[in-house]
Amino acid sequence: GESLISYKGSVFLSKYLHGGIPGGLAHLDNLKNFQIRDDDVFIVTFPKSGTTWMQYIIYILFEDGHPELADNATWNVMPWLEYAKPDSKHPRGENSRLYCTHLPEHMAPQGLKDNKGKVIYVMRNPKDVLVSYVHFSNIFRTFDTVSNLDQILEDFLSGKVHGGSWFDHVKGWFERKDEYNILFVSYEEMKMDLRSVVRKVSEFVGKSLSDEDIDKVVDRVTFENMKTDSKANYDISAMDMVFDMSKGKFLRKGTIGDWKNSLTVAQSERFDQVYQERMQGLPLQFIWDI
Ligand code: A3P
């Protein structure tokens with residue numbers, strides 16, 4: 001649809017909130033030169049892979065051992081690299097700037113490759129990504145409601161959805177991982193052992209928290225708690241123009257394997273076929289259901 005714009009092998013939102021991409025597509029090219037600082041942290045994901053979840057974890061971790069002090073909403077403290085105005089001051093100030101992005105690897109700021117900054121790449125099994133995307137489309141006012149699952153499946157497999165090709169995104173970042181200071185985390189491991197992930201992420205970003213504080217972070221970011229937390233669930237009146245929450249919730253189900261409730265056997269097999277073609281030889285394993 002016209003809400004998406006394809007550029008250099010990826011797909012972006014053309015009408016994000018009021019503005020879309022600030023300064024037009026040249027902004028995306030300019031991100032190569034975005035000046036990275038040593039203490040910058042970037043969460044990189046393909047859409048619907050657990051971005052918001054990791055955002056909240058990172059934000060709370062940066063409250064320095066006082067997770068109860070994290071009293072701002074994630075969307076206020078962690079701008080999207082590709083949709084934020086390039087000259088704007090970071091909302092948290094200039095120390096430990098936290099960003100998130102869906103950029104493909106080949107468009108990433110060069111500074112990240114020069115080992116400045118830290119990247120946390122969150123990935124999720126792509127059948128659950130697809131199903132989550134379908135539900136998201138139904139509440140995100142910018143997108144059309146999905147009425148034809150076969151069509152969105154083909155769009156997803158051929159990269160005609162927000163974020164572009166899931167396959168290219170994951171492969172792009174994974175194959176070049178040695179060029180970055182990067183930590184890979186899967187949505188599924190977050191589901192199965194959240195505490196270990198919070199610990200691992202905290203060490204990666206250089207925040208060593210006590211066991212007690214780790215517990216506080218973990219408790220705050222469970223699905224149940226985030227679902228009712230207006231700092232994390234987008235379910236506030238200020239977001240009414242962005243989401244129609246009468247049609248569903250942003251924190252929808254939060255499970256592994258929900259695709260089984262939506263995809264037919266034929267659709268799942270079609271997915272497997274493309275997955276095998278595209279991911280062949282890549283040493284990545286996903287957990288598809290539990
Ligand atoms: P579902 O639609 O499958 O429920 P993103 O933030 O990248 O857009 O990803 C959104 C997905 O992450 C949604 O998946 C959402 O429910 C899930 N999610 C967000 N917070 C979560 C949490 N604390 N625990 C489990 N899943 C979470």
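The values are calculated or read from the model by the stated rules, or taken from the named source; none is laboratory data. Keep in mind it's a predicted model, so treat the numbers as computed, not measured. Glycine gets a Cβ as well: all are built from the backbone with ideal geometry, and neighbour counts include every protein chain shown.
Observations on the structure shown:
- Residue in segment 216-226 that is assigned to a loop (DSSP other than H, G, I, E, B) and buried (at least 17 other Cβ atoms within 10 Å of the Cβ) present: yes
- Residues being under 20 Å from G117 (Cα atoms) and surrounded by 18 or more Cβ atoms within 10 Å (Cβ to Cβ) - total across segment 171-197: 6
- The one condition in (1) out of contact with any Phe, Trp or Tyr (no Cβ under 8 Å at 6 or more places or on another chain); (2) outside any helix (DSSP H, G or I) that C100 fails to fulfil: (1)
- Neighbours by Cβ (under 8 Å, 6+ apart or cross-chain): first from segment 114-127, more than 16 Å from the ligand (Cβ to nearest atom); second in a strand (DSSP E or B) and of a type in the set (S, T, Y): none
- Test: residue in segment 51-59 that is outside any helix (DSSP H, G or I) and either surrounded by fewer than 21 Cβ atoms within 10 Å (Cβ to Cβ) or within 16 Å of the ligand (Cβ to nearest atom) (or both): no
- The residues of segment 50-88 that are among the small types (G, A, S) and under 25 Å from D128 (Cα atoms) amount to a single one, G50.
- Scan of segment 29-78 for residues that are under 28 Å from K177 (Cβ atoms) and among the small types (G, A, S), ordered by number: S49, G50
- Within segment 113-133, the residues that satisfy the criterion of being crowded, with 20+ Cβ neighbours inside 10 Å and either polar (S, T, N, Q) or part of a helix (DSSP H, G or I) (or both) are N125, P126, K127, D128, V129, L130, V131, S132, Y133.
- Condition met for P104 (surrounded by fewer than 21 Cβ atoms within 10 Å (Cβ to Cβ), of a type outside the set (D, E, K, R), in contact with a Gly (Cβ under 7 Å, 6 or more places away or on another chain) and modelled with pLDDT of 90 or more): no
- Here the condition is being at pLDDT 95 or above, over 19 Å from the mean Cα position of the chain (by Cα) and not acidic (D, E); of G111, G50, it holds for G111 alone.
- Residue in segment 175-182 that is within 29 Å of Q110 (Cα to Cα), in a helix (DSSP H, G or I) and in contact with a Ser or Thr (Cβ under 9 Å, 6 or more places away or on another chain) present: no
Here is a yes/no grid of residues against (1) more than 12 Å from the ligand (Cβ to nearest atom); (2) surrounded by fewer than 23 Cβ atoms within 10 Å (Cβ to Cβ):
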position: T74; (1), (2): no, no
position: Y83; (1), (2): yes, yes
position: P86; (1), (2): yes, yes
position: G111; (1), (2): yes, yes
position: I139; (1), (2): no, yes
position: N148; (1), (2): yes, yes
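- Whichever residue in segment 230-250 is free of Cβ contacts under 8 Å to residues at least 60 places away in the same chain and within 22 Å of D128 (Cβ to Cβ) and, among such residues, is nearest to the ligand (Cβ to nearest atom): N233
- Test: residue in segment 264-283 that is within 14 Å of the ligand (Cβ to nearest atom) and either modelled with pLDDT under 95 or not in a helix (DSSP H, G or I) (or both): no
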